[in-house]
Amino acid sequence: MAGRKHRVAGGRDSLDVVHSDKARYVRQVFDTIADRYDRMNVLMTAGLIYYWHWVLARSTGLRPGQQALDVACGTGELSLIMARQVAPVRLAAPLPRRPGAAPTAVTVSSPPLQGRGQRIEGGTPATGSATVATAAAVPPASTATLSQGRVIGIDFSPDMLAVAREKVARTPYRSVIDLRYGDALRLPFADCTFDCVATGFALRNVTDIRQALAEMARVTRPGGRVLCLELSHPTPWLAGAYLLYFRHVVPLLGRWAARRFERQFGREHPLPPYAWLPASLAEIPSQEELAKIMQEVGLSPVRYRNLTGGVVALHIGFKPEPGATGSY
Ligand SMILES: C[S@@+](CC[C@H](N)C(=O)[O-])C[C@H]1O[C@@H](n2cnc3c(N)ncnc32)[C@H](O)[C@@H]1O
């Protein structure tokens, strides 16, 4: 794919970007908008984001003590949702230790994974570390104890991660959520590690959706589930309004974001940050296509639910237990 011209459609915003630069570009976009991302999300979705998150929360199947991964976690909203489930507040707060009781901390080290921990395309992150964490310091799900629920959030935008860290630090879940710099296409975790692996509004941003889903499926334990919440293809009666919105309202936000980009990076960007949003819609497979890809990477059964007329879809794929034939 290196150097291939990749056409992204966005009405009059249609632009060519060099595909191999997509990862770097996407990261710059999110670095630029990180400090306003949450507010813009609420504004641009007229608050519907809360409803979409609520539906996702009801679908994780997570229980206290389990392990979850938030892929491309951004500002950590899904990490927080899942932390509330795996470590309800009474468990998230440090528990008073009974005299003589065993320590509650789980320390399990996993061997570094082959081929992982590589430098991520696009240079040095602002945090100063240029490499992805090399090993999964996460116990396999089967060894987790009830009080050891844990969520890992991974993202390659240092500025989005910084916002997530600040936000999480203000909650009782700071000891439950571990936020790391890393690439969704090369998850630095052992196979079959997590009970639930979720991603929100990130798939259209990755350079290879199938690879991202394959990685999510790989690190999910048998019987666990993969959740994808993503903008999707609305029903025809909504499609017109949807396109009008993305072509006319979102570009206004784009102008503001473009000015910020120029101030931050000292140059004009070929595709202003919020122009990426309508452009990225072209990257989204249809609900059926996405379900098919999830099946092809080994998840079964796969279901999806249209939310708000298909503006957003939630896909859920289960990782089969060896020899399992029943449905979930
Ligand atoms: C639209 S934001 C979504 C953030 C968050 N999941 C949410 O639901 O609000 C997309 C995120 O994907 C991240 N991202 C895109 N490609 C990535 C990759 N290959 N590896 C890690 N993070 C990636 C971006 O940095 C950004 O934070």
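Annotations for the structure displayed:
- Filtering the stretch 177-197 to residues that are touching a strand residue (DSSP E or B) at 6+ places or on another chain (Cβ under 6 Å) and either assigned to a loop (DSSP other than H, G, I, E, B) or within 16 Å of the ligand (Cβ to nearest atom) (or both) leaves Ile177, Asp178, Leu179, Arg180, Gly182, Ala184, Cys192, Phe194, Cys196, Val197.
- Number of the condition not met by Ile33 [criteria: (1) modelled with pLDDT under 90; (2) in the same structural domain as Asn205 (by TED's automatic domain parsing); (3) hydrophobic (A, V, I, L, M, F, W, C)]: (2)
- Ala212 vs. criteria over 16 Å from Ser79 (Cα atoms), more than 11 Å from the ligand (Cβ to nearest atom) and outside any strand (DSSP E or B): no
- When each of Val42, Val26, Val55 is tested for being part of a helix (DSSP H, G or I) and either surrounded by 22 or more Cβ atoms within 10 Å (Cβ to Cβ) or within 10 Å of the ligand (Cβ to nearest atom) (or both), the lone residue that passes is Val26.
- Residue within the stretch 80-98 that is within 20 Å of the chain's Cα centre (by Cα), closer than 20 Å to Ala313 by Cα and modelled with pLDDT of 95 or more present: yes
- Near pairs, Cβ below 6 angstrom, 6+ apart or cross-chain, from the stretch 204-225 (of a type outside the set (A, V, I, L, M)) to any residue that is in a helix (DSSP H, G or I) and surrounded by 17 or more Cβ atoms within 10 Å (Cβ to Cβ): Arg204/Ser280; Arg204/Glu283; Asn205/Val26; Thr207/Lys22; Thr207/Ala23; Arg210/Ile293; Arg221/Ala141
- A single member of Leu161, Leu179, Leu213 is within 14 Å of the chain's Cα centre (by Cα) and under 21 Å from Leu299 (Cβ atoms), and it is Leu213.
The values are calculated or read from the model by the stated rules, or taken from the named source; none is laboratory data. Note that this is a predicted model, so its numbers are computed, not measured. FYI the Cβ positions are ideal-geometry reconstructions off the backbone, even for glycines, and counts take in every protein chain you see.
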